[in-house]
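Colleague: There's a structure below that I have some questions on.
Throughout, read-outs are computed from the coordinates displayed, never taken from laboratory work. In this text, all values refer to a predicted model and were calculated from it rather than measured experimentally. Using ideal geometry, Cβ is built from the backbone for each residue, glycine included, and neighbour counts are taken over all protein chains shown.
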Amino acid sequence: MSTDFNQHDANRQPQRDRGRHAVVGIIYEEGQFLVIRRSQFVSAPGLICFPGGGIELGEDFETAVKRELVEELDLRVEVRGHLWTSQTRWGTRLEWLHCERCEGSEPSPNLQEVEEYLWMRVALLEGRGDLLGSMPEFLASFRNGSFRDHFTTD
């Protein structure tokens, strides 16, 4: 996916993103979230975010997030539940899904999409200046206990 970064407002997302629908895969293990650093070949390069991406025609949320996690990290997961729906400031509707890794499945980044993957605690993520814009609200909601039914926290 490419983005025109030659616009006057560097924070403005391309018009084609308006009305887009996407999924976000949330994996939380031992007090840490699995996050990725976006590659230089995708929009918002170098930013940290949760893995995920656009829902393709005919896909449900579960199918889309499973496909995205395989495409980005060669990671097999089971979906445990729908956490949240949000909308980015550039108009993309996000479906946040709680996922668990399948036994024996380890992340291996697709370097066309993911520069690296990291396991990070909420406190460390919250202090970063290189988060994708959709993350801070989710992290604040997590810290406030909005997802207690899904996660065991530290």
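Colleague: For Q40 and S141, FRET efficiency with R0 = 41 Å and r from the beta-carbon atoms, rounded to 0.05?
Modeller: Efficiency computed from Cβ-Cβ geometry: 0.85.
Colleague: May I ask what percent, to the nearest 5, of DSSP beta bridges between residues of the chain are antiparallel?
Modeller: Of the beta bridges lying entirely in the chain, close to 75 percent run antiparallel.
Colleague: Step through the residues of the stretch 74-82 one at a time and calculate ³J(HN,Hα) from phi using the Karplus curve (6.51 cos²θ - 1.76 cosθ + 1.60, θ = phi - 60°), rounding each to whole Hz and writing x for Gly and Pro.
Modeller: Calculated HN-Hα couplings, in order: 6, 10, 8, 9, 10, 8, 9, x, 8 Hz.
Colleague: Whose amide H sits under 5 Å from the amide H of V77, counting only residues 5 or more places off or on another chain, with H placed in the peptide plane?
Modeller: Those qualifying (amide H under 5 Å, at least 5 residues apart or on another chain) are C102.
Colleague: Follow-up. Provide the per-residue ³J(HN,Hα) series for the stretch 51-61, in order, calculated from phi with Karplus coefficients 6.51, -1.76, 1.60 and θ = phi - 60°, each as a whole number of Hz, with x at glycine and proline positions.
Modeller: After applying 6.51 cos²θ - 1.76 cosθ + 1.60, I find x, x, x, x, 8, 7, 3, x, 8, 8, 4 Hz.
Colleague: Let me ask something else about it. So, with +1 on the Cβ of K and R and -1 on the Cβ of D and E, and no other charges, what is the size of the charge dipole of the chain about its Cα centre, to the nearest 20 debye?
Modeller: 560
Colleague: Continuing with this model, one more query. Okay, helix-only estimate at 222 nm for the chain: each DSSP H run of n ≥ 4 adds -39500 (n - 2.57), divide by all residues, round to 500 deg cm²/dmol; what do you get?
Modeller: -5000 deg cm²/dmol
Colleague: Grab the beta carbon distance between S105 and E56, set R0 = 25 Å, and tell me the FRET efficiency rounded to 0.05.
Modeller: Calculated transfer efficiency: 0.70.
Colleague: In whole angstrom, note down how far apart the Cα centers of the stretch 38-68 and the stretch 74-140 are.
Modeller: 9
Colleague: Kindly give Rg over Rh for the chain, based on alpha-carbon atoms, with the Kirkwood expression for the hydrodynamic radius.
Modeller: 0.94
Colleague: Taking the Cα centre as origin and putting +1 on Lys and Arg beta-carbons and -1 on Asp and Glu beta-carbons, what dipole magnitude results for the stretch 80-154, to the nearest 20 debye?
Modeller: Taking the Cα centre of the stretch 80-154 as origin, the dipole is about 340 debye.
Colleague: Next up: Of the residues E137, E95, E103, which exhibits the maximal mean-square fluctuation in a Gaussian network model of the chain defined by a 10 Å Cα contact cut-off?
Modeller: E103
Colleague: For the stretch 118-135, take each phi angle, set θ = phi - 60°, evaluate the Karplus expression 6.51 cos²θ - 1.76 cosθ + 1.60, and give the result in whole Hz per residue in order, putting x for glycine and proline.
Modeller: In residue order, the calculated couplings are 9, 9, 9, 6, 4, 4, 6, 5, 4, x, 8, x, 10, 8, 4, x, 7, 7 Hz.
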